[in-house]
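A short reminder: the numbers here are calculations on the coordinates, not readings from a lab. As the structure is a prediction and not an experimental result, all values here were calculated from the model. Backbone-built Cβ (ideal geometry, glycine too); neighbour counts: all protein chains shown.
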Amino acid sequence: MNWAEANAGWSWNPAADIQQIWAFPFMVNAFRAGTVVAVLAAVIGWYMVLRKQSFAGHTLSVISFPGAACATLLGVSAGLGYFAFCVGGALVIAAIPRSGQGGRSQESALTGTVQAFLLACGFLFVALYKGFLGGVNALLFGSFLGITTTQVITLAVVAALALGILALIGRPLLFASIDGDVAAARRVPVRALSVVFLVLLGAATAEASQITGTLLVFALLVMPAAAAQQITARPALSLVAAVLIAVLVTWCALVTAYYSPYPIGFYVTTFAFGVYALARTGRALAAIRPDVSEEPANTPVGHAPLGGTP
Amino acid sequence: MSAFSHPFFLHALLAGTGIAFAAGLVGYFLVLRAQVFTGDALSHVAFTGALAGLALGYDLRLGLFAATLAFAILMGLVGKRGRADDVAIGSVFSWILGLGAFFLTLYATHGAADGTAGVGVLFGSIFGLSAGQAWLAAAVAVGIGLAVLAVTRPLLFASVDEAVAAARRVPVRILGIVFLVLAGACAAEATQAVGSLLLLGLLAAPAGTAQRLTDRPYRALALSAGLAVTEMWAGLALSYAAPQLPPSFSILAVATAAYAVTLGVVRNRPRTRLRPVQAW
């Protein structure tokens, strides 16, 4: 296939278009990596939203930027930097004592400072590694180009490991997330579960960063889960919905990004946000509907005897 | 040859002093009102606003101020209901950042500039300010600082005990919106100095240090502004002495170091009001 033919644009024939996209090994790898990351991020993100730990997710995603920059500076693979910094950061967060230590305002000031400082460190690494400035945008906003088969295998192995651990601790974790006190009383190891979950969250953030970029990890971690939890309250069903939404959003974003000059992070966030907004609107409408349907239903019943229907 | 004979250093010093002064004052109230997350939001909006301004062919600062002020007013009007839902806020921010990435590519492909424009907005380029930009930035920053000082008394009252302040007929809601608008303007200002990703540190670190050092509000407010200006000077000097360190990093490194030292040295005084610690 020559370049002009390959670059023909969207032809409104999905089968032919997919075939054309998959003619390139890098696009096949992008789809593989995107799917793996979407599944892992959706599952971990679902627990994260349930446990209201999105702030920790935000912090971990910020850590991934200096991680990748540091790895590039040291000449090791960026993936190693992502995993080392994110999992390390997760352990640090888990070690921070939860109570005492001043008020909420001190806590938020500390977190804000740490986040900004880590980003500044990332910037320092980038500045020290000269001629790398163009790559900053890819680190921050994601890129699907140049994913090697080795990377895909690494992503898949880590994701399988994380999902396997989650499958083992899934039930007690759900219990501990919904009602920590009762779970602790029932001798569920709440604290250990929370540490394990933070490490899994670090791994998921490190994986998602490599596709969506540091700043847009929330798109895959939070939005599908948040949308799914708007749609249904049943745990198993909303977990499946979150995975489906994440995978669909990633595929659509990959196809769109292939045909346009704009970064994939923009499409992932936009599609995911669209789904989230739809889910919220749908739920709001569903909340209104009973009132609307009640009135016409009630009026004839209440007034029929008075009016004397023929 | 001293640093002061370089025009770029003088411009940075002029703009940096004004910006740090305003950020120290605004940051103290941000921390006191536990609205650091709002500051985080404003920084994301600042990035998208600046790049939208560039991509559409206007001045960067026009986009910056328009976006942050509009968002500040919106947050103020939505009020407390918007603060509760972390997930909703997080989703909106990510999308706004995604839009920023879109404008960045739009600007890089259709504008005359190269792809590094985004890096300047994200991480700041205080040594690149021209004389006119520096004077304007300093003037706006001093204006923000004076506005904060003008509302300091009622704002302190409303921040420390909102219910009592409302009962004493302090216009709590209007004050909240005015403060958010000032914070938005301050975020737009600070973006020019340290960049949109790092301005959170400039807002939070001096304020956190000052709060740790003293419990008295006015003293803490003055200390926060003083610390911010000193840290700005030290950071600029450090970057001048070691050119391989970017100025944004030096400023934040000094601010973080000062905060870390305070955390380590000053013991936490027992507080009368213990609030539940924010969950991770």
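Here the relative contact order of region B:30-80, from alpha carbon pairs under 8 Å that lie six or more residues apart, stands at 30 percent. For the options B:Pro217, B:Pro171, B:Pro243, a Gaussian network treatment of chain B with springs between C-alpha atoms closer than 10 Å singles out B:Pro243 as fluctuating the most.
Phi angles across region A:276-285 convert, under the Karplus curve 6.51 cos²θ - 1.76 cosθ + 1.60 with θ = phi - 60°, into 3J(HN,Hα) values of 4, 5, 4, 4, 5, 4, x, 5, 4, 5 Hz, Gly and Pro given as x.
Since only B:Leu236, B:Leu149, B:Pro246 are under comparison, the one whose Cα sits farthest along the positive direction of the charge dipole of region B:3-261, derived from C-beta charges on Lys, Arg, Asp and Glu, is B:Leu149. If R0 equals 60 Å, the separation of the Cβ atoms of A:Thr150 and A:Thr281 corresponds to a calculated FRET efficiency of about 0.90. When the Cα convex hull of the protein assembly as shown is projected onto planes of every orientation, the mean area is 35.0 nm². Just so you know, the Rg over Rh for region B:36-81 is 1.05, from Cα atoms, with Rh as the Kirkwood radius.
Defining a contact as two alpha carbons under 8 Å apart and six or more residues distant in sequence, what relative contact order in percent does chain B show? Before the final figure, lay out the partial values.
Working: 404 pairs, mean separation 88.1, N = 280.
Answer for chain B is 31 percent.
Phi-derived couplings, Karplus 6.51 cos²θ - 1.76 cosθ + 1.60 at θ = phi - 60°, listed residue by residue for region A:165-179: 4, 5, 4, 5, 9, x, 5, x, 5, 4, 4, 5, 6, 7, 8 Hz, with x used for Gly and Pro.
What is the calculated FRET efficiency for B:Val266 to B:Val142, with r their C-beta to C-beta distance and R₀ = 25 Å, to the nearest 0.05? Kindly include the intermediate steps, with their values, before the conclusion.
Details: r = 31 Å, r/R0 = 1.23.
For R0 = 25 Å, the calculated efficiency reads 0.25.
Under 1.5 on a/c is rounded, so check that first for chain B, then, if it is not, pick prolate when a/b is larger than b/c and oblate when it is not; a ≥ b ≥ c are the square roots of the alpha carbon gyration tensor eigenvalues. Walk me through the numbers on the way to the answer.
Working: a/c = 1.75, a/b = 1.23, b/c = 1.42.
Oblate shape, in that a/c is at least 1.5 and b/c is the bigger or equal ratio.
Among the trypsin sites (Lys or Arg not before Pro) in region B:122-204, those located in a DSSP loop and surrounded by at most 16 other Cβ atoms within 10 Å of their own Cβ are B:Arg168, B:Arg169. Residue separation of B:Tyr218 and B:Val160 scaled by 0.36 nm, minus their Cα-Cα distance, works out to 19.6 nm of gained length.
Distance from the Cα centre of region A:24-69 to that of region B:146-180, in angstrom? Here the answer is 41 Å between Cα centres. Stretched out straight at 0.36 nm per residue, the stretch from A:Ala160 to A:Tyr129 would grow longer than its current Cα-Cα span by 7.8 nm. The GNM of chain B, with springs linking C-alpha atoms under 10 angstrom apart, assigns the highest mean-square fluctuation among B:Gly143, B:Gly235, B:Gly118 to B:Gly143.
Using Cα springs under 10 Å in a Gaussian network model of chain B, which residue among B:Thr214, B:Thr152, B:Thr48 shows the largest mean-square fluctuation? It is B:Thr214.
Just counting partner chain Cβ atoms within 10 Å, what average do the residues of peptide B:188-197 show around their Cβ? Kindly include the intermediate steps, with their values, before the conclusion.
Numbers: counts 0, 0, 0, 0, 0, 0, 3, 4, 0, 11.
Per residue, the average neighbour count from other chains is 2.
Spacing of the modelled spin labels on A:Leu248 and A:Leu91, each 7 Å from Cα toward Cβ, amounts to 4.0 nm.
Between A:Ile18 and A:Arg191, the FRET efficiency estimated from the beta carbon spacing at R0 = 35 angstrom works out to 0.15.
In sequence order, region A:110-124 has phi-based couplings of 5, 4, x, 5, 4, 4, 4, 5, 5, 4, 5, 4, x, 5, 4 Hz under the Karplus curve 6.51 cos²θ - 1.76 cosθ + 1.60, θ = phi - 60°, and Gly or Pro positions carry x.
Can you give the average number of partner chain beta-carbon atoms within 10 Å of each beta-carbon in peptide A:48-58, as a whole number? Spell out each step's value before the answer.
Values: counts 1, 3, 0, 2, 4, 3, 6, 7, 2, 2, 6.
If you average over the peptide's residues, the count of other-chain Cβ atoms is 3.
When A:Val240, B:Val194 are sorted by how many other C-beta atoms sit within 10 angstrom of their C-beta, beginning with the fewest, the order is A:Val240, B:Val194.
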